[in-house]
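Structure record follows, encoded as structure tokens.
The values are calculated or read from the model by the stated rules, or taken from the named source; none is laboratory data. Given the structure is predicted, the values throughout are model-derived calculations rather than measurements. Ligands, DNA and RNA are stripped out before the accessible areas are found, and what is left, the full protein with its side chains, is counted by its heavy atoms. Shrake-Rupley method; radii C 1.70, N 1.55, O 1.52, S 1.80 Å.
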Amino acid sequence: MWLEGAITVLKRSAKRIKQFSFNNRIPLLIFLGLFSLVGIASLLLTRANTFSVAVEPENAAITSPAIKITDQNASGGSLIQFGSQSLATDPYDLASTAGYTLPTGANVKFVSPNGNDTAAGNETAPFKTVTKAVASVTAGGTVVLRGGIHNSEPASVPKISKQITIQAYPGEKPWIDGARQVNGFVSDGTIWRKDSFISPELCHNYDTCVTNTVSGNFRYWVDGKVTCNNALVCGSLGAEVVDESYVDGLRSAWLLDQIFVNGAALSEIACNDSVATCKGQVGPGKFWINKATQQLFIGDNPAGKTIESTQLAWGLWLTTSTGPRIKGVGFSRFAGSAHNGSASVTPGALVVNAPGANIDNVVVKWSAGTGVAMYAGNITMNNLKVAHSGFVGLRINNASGGQILGGVYDFNNRESFNVEGPAATAAAIKAANTAGGLTVNGASISNNNANGLWCDLGCDGAKFVKNIIKSNSKSGIHYEISTGGIIAGNLIIDSTKLAKQFSAGIKVASSTNTKVYNNTLVSNRAAFGAYNNGRVDIANIAIRNNVFSDSTGTYLHDAACVSTCTQLVQDMGLGYNFNMYHRTTTKNPPTYVNWNNRLVADIVLSTLADLRSRGLEADGFEVNGGNIFRNITSGDYKLSTPRSGEALPADVASALGVAAGSVLPIGY
């Protein structure tokens, strides 16, 4: 519109030029030339600064309606902006792709939301779907995605078994979206109904999904409950996988539908009563799907609004080949099933089952189940962001040698899968069977309704270093049934705010030969805890150079299992030394240590002197009262007055990137 107006003005001015003498025309021509240059510059700036990307606030509460804005860049698409959030303030946006290199050659194909699958697939005539582009390149090729919302795939992109690169066009931000618009609603009393509602890749049948059927390790019951069917996996039969205490009504966590009104997610009602009863539970912000009749009911008037539903199971699935790459691509609103144990079930919205894969500057958000599944060795995840997953943010299994570098993992397990008890499964990052080593370095893990970082069953040689972990509902770091781990240089704040059982800022459970060095743990229920869960006796745990500050329960909470083990806490080989114990008041925490034993009386140690009487903390010290940190307001939890700790062992020093034997200030 601006350009059309400018052209009209120029045409009118040209007619008037003829009425002037030559001398009078010169100033006017100069004016019009400058006018045109300013217009062209304004247009280029508008195009350069308008990106297509799904944008949302950092918490799940939407305080104002979303609006849809037409994208202005060359590739088309649309921008979804929630409330007053902007691209610059969205914490789950893609990082800049401006420095990317644009590959050339016949084995490079382009995809644009405004493309056409009958086109040549080159830069000037791009394909419309990722499916077409992937099928058109051979091993070593590249698929380049233009900016905008890519939501034209007829089904989930077929599994990719060749070594290719899928990347953003330089300077643009492409999003692959699993939701599609839903139209044709009719009023149904005080709610609205969509007939013939089908999501072919999602389960819409209680007989298949949740009616007393066994799938892998879990059994699904008609009332929506999910219970454990494998005592070896869960510890006991019948343990509930979903925590019903945090939600109203029957569970819907394992039902993978998602409905969005102007970009805001509605809550699903899991109801298998009479139709009238179920419809009566539908109100503003809620939806219910009648599986038998394939009808969708929503409580929000759809008039003048964009209603969308998750239709696809996954965005991309890399498998078999070695070394594929994805960089600068976002994924939103896929099913990402939480199921585990059935070959027909999707393990995540983005599935990386290709050895040596490299995932760089990728965002995955609003998955109904798991966000990202990492199921092969030597994979690198660099600056991955996973937010608002219904279940686990990043699930890792059989992925030895994996590198998780940087990235953000926030607001996962929004469907309240259990975080404690024999069938607990949820975490922002959950790993298992990585005996060849797993590194998580420099990640930000916050506000998850779950453990922050949980490595379980054979995470031997894991290194968790330099992470910032805040405000998660269970333990900040949970290292379990593993050996040789290094947990160092982490800042962990405000863990366990919802936990009802044993948890801590750092929890080491039934593990051996583990080193916990130079961490700062603030306002956690317990700063550190060791726990024998009955499967492996704890041995040789070194806890050195840490800052334990203002725990809400106790500094240290070490416990033996409640039913089967015979090990006593005092026999666990817990090496506490060179640690600082700080509390702003003498009642926060009231005690230093709780040692819970099954076979003998519990032991409570109330002072640092009590710890020393047990042969611990010969070089530890305490600070009572006042602030010990440089600037809490700005998030700087370095000590105001640094104090040196014990010299670092070679393996810990290597993990932290310093020379062996270095003496660092205590804390992170």
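Residues in segment 296-312 carry Karplus couplings, in order, of 9, 10, 10, x, 9, 4, x, 4, x, 10, 9, 9, 10, 10, 5, 10, 10 Hz; the curve used is 6.51 cos²θ - 1.76 cosθ + 1.60 with θ = phi - 60°, and Gly or Pro positions show x. Residues Arg325, Arg535, Arg544, sorted by accessible area with the largest first, give Arg535, Arg325, Arg544 [1.4 Å probe; ligands and nucleic acids excluded].
Listed values for segment 470-475 are Karplus-derived 3J(HN,Hα) couplings in whole Hz (6.51 cos²θ - 1.76 cosθ + 1.60, θ = phi - 60°), namely 9, 6, 9, 7, 10, 5, and x replaces Gly and Pro. Put simply, the amide H of Ala462, placed in the peptide plane, has neighbours under 5 Å in Leu438, Gly485, Ile486, leaving out anything fewer than 5 places away on its chain. 3J(HN,Hα) along segment 267-278: 9, 8, 9, 9, 9, 10, 8, 5, 4, 4, 5, 5 Hz, from the Karplus curve 6.51 cos²θ - 1.76 cosθ + 1.60 with θ = phi - 60°, whole Hz, x for Gly and Pro. The amide H of Ala264, built 1.01 Å from its N in the peptide plane, has Ala66 as neighbours under 5 Å, considering only residues 5 or more places off or on other chains. The accessible-area ordering, largest first, of the residues Lys365, Lys638 stands as Lys638, Lys365, per a 1.4 angstrom probe.
Got the relative contact order for segment 95-151 handy, in percent, Cα pairs under 8 Å and 6 or more residues apart? Can you show the working numbers first?
Working: 91 pairs, mean separation 20.8, N = 57.
Result for segment 95-151 is 37 percent.
Proximity of backbone amide H atoms, modeled 1.01 Å from N, is registered between Tyr576 and Ile543, Glu617 at under 5 Å, excluding neighbours fewer than 5 places apart on the same chain. For segment 392-488, the carbon plus sulfur part of the accessible surface works out to 50%, probe radius 1.4 Å. Contact order normalised by length for segment 351-453, with contacts defined as Cα pairs under 8 Å and 6 or more residues apart; what percent is it? RCO, segment 351-453: 25 percent. Classified by the C-alpha gyration tensor, segment 132-188 has an oblate form. Its axis ratio a/c, with a ≥ b ≥ c, is 1.5 or above, and a/b does not exceed b/c. When the listed pairs Lys173/Lys466; Lys507/Lys638; Lys385/Lys507; Lys286/Lys474; Lys279/Lys305; Lys173/Lys515 are checked against a 32 Å cut-off, the alpha-carbon distance exceeds it for Lys173/Lys515. Under the classification rounded if a/c is under 1.5, otherwise prolate if a/b is larger than b/c and oblate if not, where does segment 517-668 fall, given a ≥ b ≥ c as square roots of the Cα gyration tensor eigenvalues? It comes out oblate by the Cα gyration axes. Across segment 511-591, C-alpha contacts under 8 Å between residues 6 or more apart give a mean separation that, scaled by the residue count, equals a relative contact order of 35 percent.
In square angstrom, what is the accessible area per residue of segment 538-646 with a 1.4 angstrom probe? Display every interim value, and only then the final one.
Values: 4900 Å² over 109 residues.
On a per-residue basis, 45 Å².
By the gyration tensor of its Cα atoms, with a ≥ b ≥ c the square roots of the eigenvalues, what is the shape of segment 309-446: rounded for a/c under 1.5, prolate for a/b over b/c, or oblate? It comes out rounded by the Cα gyration axes.
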